[in-house]
Every structure is written in C-alpha cells, then in structure tokens.
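The values are calculated or read from the model by the stated rules, or taken from the named source; none is laboratory data. Predicted model only: the values in this text are computed from it and were never measured. Virtual Cβ from ideal backbone geometry, glycine too; neighbours counted across all protein chains shown. Protein only, heavy atoms only, side chains kept; ligands, DNA and RNA dropped before computing areas. Shrake-Rupley method; radii C 1.70, N 1.55, O 1.52, S 1.80 Å.
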Amino acid sequence: MALYSEKVMDHFRNPRNVGVIEDADAVGEVGNAKCGDIMKMYLKIDNDTVSDVKFETFGCGSAIASSSMATELIKGKPLSEVRKLTNKAVAEALDGLPDYKMHCSVLAEEAIHAALDDYESRTGKKTE
Ligand code: FES
C-alpha cells in the first residue's frame, strides 16, 4: 500500500488557498518545536462565518496537505463549527495519514484555533 493517500498527494501537489490575506480579521501561527515546521492561517470573517481563508506553511508534505484540507473544511463555516475542527477530522478527510505524520495535522488544528483566539482577543467575541 502506498504510504500516502491520493488525497494527501493531491493536496500536497495542488494545495488550495495558499497565500496571505492582507486585511485578515484573524491570524494564527503555530510551530512544532521538534520538526521545526511552521503554519500560518489567515481568516476573513463575516457574520461569524469564515468567508475566506488562506495559509502559508513552511513544512513537510503532510503539513501542506493538512493545511490545504483544513482550509477547505472551514471555508464558509460558522465559527462555532470551525472551533470544533479536530486534527482527526483533517486526517480523515485526507483518507488518513501515517501514524508518525499525525502531528502534521495537529498543526492545522492548532493554527486554526490560534486564529480563533486572535479573533476573540481582537473583537471580544466568543467563538465557541
Ligand atoms: Fe512536522 Fe510534518 S514533519 S509538521
């Protein structure tokens, strides 16, 4: 069996929503101290819904695929739902990741949560 699913390879080769949102309403940046990978998520938020999202990831193929899939999962979603996104859901949407690559999907969950925390501190609103 191939190490990576077709979906992982697709999102790695053609990542969705790569880039920066200059006037983002929320930004979340996280890193993994062990592997040194860094992920940054930019959100545009309208009516408590993610109207746009972009990411920059300096990291491995699984981290790029996880960020790409995570942006697809949260685009157009209400913040309360976005808050519940788990790394497991990201990995499942990618048809799985090898065990030793699960931490790459954790980075995506953490980057999105960091962006929501940023939104809360900027606006005083709750996202849960
Ligand atoms: Fe660290 Fe993938 S190896 S995020």
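Taking the numbered list (1) open to solvent by less than 50 Å² (accessible area, probe 1.4 Å); (2) assigned to a helix (DSSP H, G or I); (3) within 16 Å of the ligand (Cβ to nearest atom) in turn, ALA89 passes all entries but (3). Within the stretch 92-115, the residues that satisfy the criterion of being farther than 21 Å from LYS40 by Cβ and assigned to a loop (DSSP other than H, G, I, E, B) are ASP95, GLY96, PRO98. For LYS40, the conditions (1) of a type outside the set (Ser, Thr, Tyr); (2) closer than 21 Å to LYS7 by Cα; (3) within 9 Å of the chain's Cα centre (by Cα) are fulfilled apart from (2).
Taking the criterion of being small (Gly, Ala, Ser), within 16 Å of the ligand (Cβ to nearest atom) and open to solvent by 30 Å² or more (accessible area, probe 1.4 Å), the residues of the stretch 24-58 that qualify are GLY31, ALA33, GLY36. Scoring THR71 on the criteria (1) out of contact with any helix residue (DSSP H, G or I) (no Cβ under 6 Å at 6 or more places or on another chain); (2) β-branched (Val, Ile, Thr); (3) buried (at least 16 other Cβ atoms within 10 Å of the Cβ); (4) not in a helix (DSSP H, G or I) leaves a single failure, condition (4).
The residues of the stretch 92-125 that are free of Cβ contacts under 8 Å to residues at least 12 places away in the same chain and within 13 Å of the ligand (Cβ to nearest atom), listed by number, are ASP99, TYR100. Of everything listed in (1) outside any helix (DSSP H, G or I); (2) among the polar types (S, T, N, Q); (3) over 13 Å from TYR119 (Cβ atoms), the single unmet condition for SER51 is (3).
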